[in-house]
Amino acid sequence: MSLITASNMSLSHGGKIVLRDVDLTIEQGEIVTIVGPNGSGKSTLLRGLIGALRPSTGLVTQKKDLKIGYVPQKLEINAALPLTVRRFLDLPNRVTQADAIAALQTAGVADHADAQMANLSGGQFQRVLLARALLIKPDVLILDEATQGLDQPGSAAFYRQIEAVRQDLNCAVIMVSHDLHVVMAASDRVLCLNGHICCQGAPDIVASAPEYRALFGSGTQGALALYRHEHTHDHHDHSH
Amino acid sequence: MLDDFLVRAALAGLGVALATAPLGCFVVWRRMAYFGDATAHAALLGVALALALDGPVIVGVLAVALLIALAVSTFSGRGLAEDTLLGVLAHSMLAIGLLSVSLLSGVRVDLMAYLVGDILAVSKQDLALIWGGGLAVVALIAWRWQALLTSTLSPDLAQASGINARREQLVLTIALAIVVAVAIKVVGALLISALLIIPAAAARPLAKTPEAMAVIAALIGSVAALGGLGVSFEMDTQTGPTIITIAAAAFFATNVVLRLFVRKT
């Protein structure tokens, strides 16, 4: 059966509907990428799928005992909370020392096991978040702009690791990203979001869909157009 | 041994210090200081109600503290200006509590004892309640420790692991109400949140992990309780404020003095 199913799901934030009428299923082993302008509801969709945000209408169901590895967009650690990297990997379930060391080696931060989380660089922090998410051997890995704070080689290595993890664990991967060209190439399925699902499908099909082009433009200008179209685009001619 | 009022006082101080340490850490980590204040101040209203109805004080305090803590917990995170709202609530609870105690005609109340505590008047029964409640709080927090820490770090991160962050918040809310009920006799309504926050904040620079911080906070709290008792006995001062003053000195020592003289690598 599907890992996560959302049917007719609408999500609100502060009394305002951010995302409406989402129908979505996540299957084992697929890489699904969510693209859309700022404020289009990408992070909100992820929060709905993990159960952190209850839908105002519609339903979200997860497979029984679904293991979710979640890498949030941002994690601010209160300066009053002492937390080493090693201790962080033990939340919420303790892991063996061997597993923890292996995970930190994969993440390239093996020397930092005893460092405070607050003292890590942006890139190290992201890689530790990913290491923690992978330790539980997730059925689905959810990444919210996980490459921010990484330079270009860093994020290329990051995506290679995601692909390797998918091969290894056969887990589904849902990710939000701004690196349009990279993610389009790496995904099985792309969801184009703007307050609702504008279009979805295989990357080449979505890339040529009029809804996608309305949001992102076409060709190599795509990434730039992402920001330009943010406030100007509207929806008149949609088929759902 | 328990017939000696100083022994009872020392045990009461230790019991409260142990219970407030782990809870106080969460109060600091989750920025719940005003929440603690509001709940502790509400205890005064509980005292007045218990006296008016001729019931046991601890039951009145526990009931009102729980009610206020639940109300605050329910309304928090709903887009209201939380800091202001809690500030308003904390101080109006104090005013309403004072007002209701003074309205109790015909009942002689030692108001000072409820405001700053009266540890020297702790009875054997009080001692049993303090240790019973204190151990219950420590057990509750120890049981939920991992889930509480995860949801303190990020409610979303917790939810992804199947932890209900709202339920964990409820655990802390209940623990806070119990601590208020058992600590009012020792340090009084005004100083309960000081006993929650100051030992935890004093422990922070000495700790590398959350567990270490809770243990060190318990040690600092115990030293403050016993030291405060001794000093107040020698110098004939109010015990509650003396305990808090010693805790504050520990905070100063670890956060200011230590940082000035010890270079961290």
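The values are calculated or read from the model by the stated rules, or taken from the named source; none is laboratory data. This structure is a prediction, so every number in the text was calculated from the model and none was measured. All Cβ positions, glycine included, derive from the backbone under ideal geometry; neighbour counts span all protein chains shown. Ligands, DNA and RNA are stripped out before the accessible areas are found, and what is left, the full protein with its side chains, is counted by its heavy atoms. Shrake-Rupley method; radii C 1.70, N 1.55, O 1.52, S 1.80 Å.
Cross-link reach is defined here as a Cα-Cα straight distance under 29 Å, omitting same-chain residues fewer than 8 places apart; for B:Lys208 the lysines meeting it are A:Lys74, A:Lys137, B:Lys264. Of interest is the spacing of the C-alpha centroids, which for segment A:153-180 and segment B:143-163 amounts to 25 Å.
Once the gyration tensor of the Cα atoms in the protein assembly as shown is diagonalised, the equivalent ellipsoid follows with semi-axes of 51, 26, 18 Å, ordered largest first. Extension gain, A:Ala157-A:Asp23: 0.36 nm per intervening residue step, less the Cα-Cα distance, totals 45.0 nm.
Can you tell me the FRET efficiency between B:Trp145 and A:Ala185 if r is taken as the Cβ-Cβ distance and R0 is 56 Å, rounded to the nearest 0.05? Here the calculated transfer efficiency is 0.80. Highest GNM mean-square fluctuation among B:Gly133, B:Gly188, B:Gly162, for chain B modelled with Cα contacts below 10 Å: B:Gly162.
In a Gaussian network model over chain B where Cα atoms closer than 10 Å are linked, find which of B:Ser222, B:Ser92, B:Ser193 has the largest mean-square fluctuation. Answer for the Gaussian network model of chain B: B:Ser92. In percent, rounded to a whole number, the relative contact order of chain A is 25, using alpha-carbon pairs under 8 Å and six or more apart.
Name the residue farthest towards the positive end of the dipole of the protein assembly as shown from the options B:Thr173, B:Thr84, A:Gly29, assuming +1 on Cβ of Lys and Arg, -1 on Cβ of Asp and Glu, about the Cα centre. Toward the positive end, the furthest listed residue is B:Thr173. Expressed as a whole percent, the accessible area of segment B:130-192 that falls on carbon and sulfur atoms is 68 (1.4 Å probe).
Across segment B:205-265, Cα pairs under 8 Å and at least six residues apart give a relative contact order of 29 percent. In this structure the amide hydrogen of A:Thr147, modeled in the peptide plane, comes within under 5 Å of no amide hydrogen from residues 5 or more places off or on another chain. Estimated from helices alone, the mean residue ellipticity of chain B at 222 nm is -26500 deg cm²/dmol (sum of -39500 (n - 2.57) over DSSP H runs with n ≥ 4, per residue). Entry note, segment B:1-133: relative contact order of 39 percent, from Cα contacts under 8 Å with a spacing of 6+ residues. Considering only Cα atoms, the convex hull volume of chain A works out to 138 Å³ per residue. Relative to the Cα centre, what is the charge dipole magnitude of segment B:69-215, using +1 at the beta carbon of each Lys and Arg, -1 at the beta carbon of each Asp and Glu, and rounding to the nearest 20 debye? I would put it at about 160 debye. Between B:Val257 and A:Ile205, the C-beta separation translates, for a Förster distance of 60 Å, into a calculated FRET efficiency of about 0.35. With viscosity 1.306 mPa s and temperature 10 °C, the Kirkwood radius over alpha carbon pairs of segment B:5-190 converts through Stokes-Einstein to a diffusion coefficient of 94 µm²/s. Projecting the Cα atoms of A:Val71, B:Gln159, B:Val116 onto the charge dipole of the protein assembly as shown, computed from C-beta unit charges around the Cα centre, puts B:Val116 farthest toward the positive end.
To the nearest 0.05, how large is the calculated FRET efficiency for B:Met235 and B:Ala212 if R₀ is 35 Å and r is the Cβ-Cβ distance?
The value I calculate is 0.60.
The magnitude of the dipole of segment A:81-130, with charges of +1 and -1 set on the Cβ of Lys/Arg and Asp/Glu and taken from the Cα centre, is near 80 debye.
Only the Cβ atoms of Lys and Arg (+1) and of Asp and Glu (-1) were treated as charged; on that basis the dipole of the protein assembly as shown about its Cα centre amounts to roughly 320 debye. Net length available on complete extension from A:Glu76 to A:Arg54 is 5.6 nm, with 0.36 nm assigned per residue and the Cα-Cα distance removed. Straight-line cross-link partners of B:Lys124 among the lysines, defined as a Cα under 21 Å from its Cα and at least 8 positions apart when in the same chain: B:Lys185.
Computed over neighbours whose Cβ is under 12 Å from that of A:Asp188, the net charge equals -2, Lys and Arg +1, Asp and Glu -1.
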